[in-house]
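Peer 1: I have a structure I would like to understand better, so I am pasting it below and will then ask my questions one at a time.
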Amino acid sequence: MERRHFIVGAASVAAVLPFAAQAQGAKPKIATIGAGREGGALGTVFAKAGYPVMFSSRNPDQLKELVAAAGPNAKAGTVAEAVAFGDVVLIVVPYPAVEQIAKDYGAALATKQLVIDVSNPIARRDGEEFVKKINDQGGPGLVAEKLFPGAHLVRAFNAIGSGGLAAAAHRSGAPLGVPMTSDDPKAIEVATKLIKDLGYEAVLVGGMAKGKYMVPGTPLGGDHTPDEIRKIAATLS
């Protein structure tokens, strides 16, 4: 009986502290739903940092060049395969696709250590009417929170363009700041550790309601140092 309690207790600790395994040399597995410019760049940064990564798309055979460039830690699969693979899942798709992802994989994503919503509603791509609908619901952060109930969810990397991600990892001087929003303490803890391990600095700017300020063209859009992010965030309502 005592041994059984010990085993259950250990499993509970592992669930709460996903980086316990990392302390023994194993990093959490990263899955990307979406492998375009942002998903490809961010997944590659994880792969170069030693994380097992699975990029995904509806046509994974078309990701061979991306996988080769990302290195031996990377591979490609279908979205279903990536969701099954990942301990941490990055959602990096055009925002109109997020709702369908939630319908198809929401239950599975609720079991993950962390889900990072990197997707943004962009008027020139998604249409003014669609973006207005998202904003009328409080913005993409609150919409994602509704779509993925039970998931350990943060918004992060939304404000940063794909082109400079690799060069900014572990750069000299002040690290690149990564503004982050979440209402989930566990998600905040895990995401902060991941972002630091990649050589950036996470800056929590508030709950998911503040996620609307991380879309390109809004106050937190673009590259900023952590101190700059804090100063901007202090001005936001």
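The values are calculated or read from the model by the stated rules, or taken from the named source; none is laboratory data. Everything quoted here is computed from the prediction, not taken from an experiment. Reconstructed Cβ throughout: ideal geometry from the backbone, glycine too, with neighbour counts over all protein chains shown. Surface areas here come from the heavy atoms of the whole protein model, side chains and all, with no ligands, DNA or RNA. Shrake-Rupley method; radii C 1.70, N 1.55, O 1.52, S 1.80 Å.
Peer 1: Give the long-range amide H neighbours of Val203: residues separated by 5 or more places, or on another chain, with amide H under 5 Å away, using H modelled in the peptide plane at 1.01 Å from N.
Peer 2: Long-range HN contacts for Val203: Val178, Met180.
Peer 1: Among the aspartates and glutamates, select those whose C-alpha is under 12 Å from the C-alpha of Lys112, and discard any that sit fewer than 8 residues away in the same chain.
Peer 2: Filter leaves Asp87.
Peer 1: Sticking with this one: Quick one: which residues, 5+ away or cross-chain, put their amide H under 5 Å from the amide H of Leu114? H built at 1.01 Å from N.
Peer 2: It is Val89, by chain and number.
Peer 1: Take the alpha-carbon centre of the range 145-178, take the same for the range 189-237, and report the distance between them in whole Å.
Peer 2: Taking the Cα centre of the range 189-237 as reference, the centre of the range 145-178 is 8 Å away.
Peer 1: Related question: Taking only Cα atoms and a 10 Å spring cutoff, compute GNM fluctuations for the chain and point out the largest among Ala144, Ala47, Ala84.
Peer 2: Ala84
Peer 1: Quick one: if you stick a label point 7 Å off each Cα along the C-beta vector at Ala107 and Ile122, how many nm between them?
Peer 2: 3.4
Peer 1: Calculate how steeply helix 2-16 sits against the longest principal axis of the alpha-carbon atoms of the chain, using the helix alpha-carbon long axis, and give the answer as 0 to 90 degrees to the nearest 10.
Peer 2: Helix 2-16 sits roughly 20 degrees off the main axis of the chain.
Peer 1: If you roll a 1.4 angstrom probe over the protein chains with everything in place, what fraction of the accessible area of the range 23-109 belongs to carbon and sulfur, to the nearest %?
Peer 2: 51
Peer 1: List the pairs from Lys48/Lys132; Lys64/Lys210; Lys29/Lys210; Lys193/Lys231; Lys75/Lys132; Lys133/Lys193 whose alpha-carbon separation is above 32 Å, in the order I gave them.
Peer 2: Lys48/Lys132; Lys64/Lys210; Lys75/Lys132; Lys133/Lys193
Peer 1: A further question follows. Can you give the FRET efficiency for Glu129 and Asn59, using 1/(1 + (r/R0)^6), R0 = 25 Å, r = Cβ-Cβ distance, to the nearest 0.05?
Peer 2: Using R0 = 25 Å, I get an efficiency of 0.30.
Peer 1: Hey, another quick one. If I fit a long axis through the Cα atoms of helix 98-109 and take the longest principal axis of the Cα atoms of the chain, what angle between them do I get, 0 to 90°, rounded to 10?
Peer 2: So the inclination is approximately 20 degrees.
Peer 1: When the accessible area of the range 166-226 is split by element with a 1.4 Å probe, what percent falls to carbon and sulfur?
Peer 2: 58
Peer 1: So, for the chain, what is the accessible surface per residue at a probe of 1.4 Å, expressed in square angstrom?
Peer 2: 48
Peer 1: Report the far tail of the P(r) of the range 144-237, meaning the percent of Cα-Cα pairs longer than 21 Å.
Peer 2: Roughly 27 percent, once rounded to a whole number.
Peer 1: Under 10 Å, Cα contacts only: if you run a Gaussian network model on the chain, which one of Glu129, Glu38, Glu201 comes out with the highest mean-square fluctuation?
Peer 2: Comparing Glu129, Glu38, Glu201 in a Gaussian network model of the chain, the most mobile one is Glu129.
Peer 1: For the range 121-237, calculate the relative contact order in percent as a whole number, restricting contacts to Cα pairs under 8 Å that are 6 or more residues apart.
Peer 2: 28
Peer 1: Using the Cα atoms of the chain to build a convex hull, what is its mean projected area in square nanometres?
Peer 2: 13.8
Peer 1: For helix 185-197, what angle does its Cα long axis make with the longest principal axis of the chain, in degrees from 0 to 90 and rounded to 10?
Peer 2: 90
Peer 1: Would you mind getting me the FRET efficiency between Lys186 and Arg230? Use the beta-carbon distance for r and R0 = 25 Å, nearest 0.05.
Peer 2: 0.65
Peer 1: For the range 102-226, give the magnitude of the charge dipole about the Cα centre (Cβ charges: +1 Lys/Arg, -1 Asp/Glu; no others), in debye to the nearest 20.
Peer 2: The calculation lands at about 40 debye.
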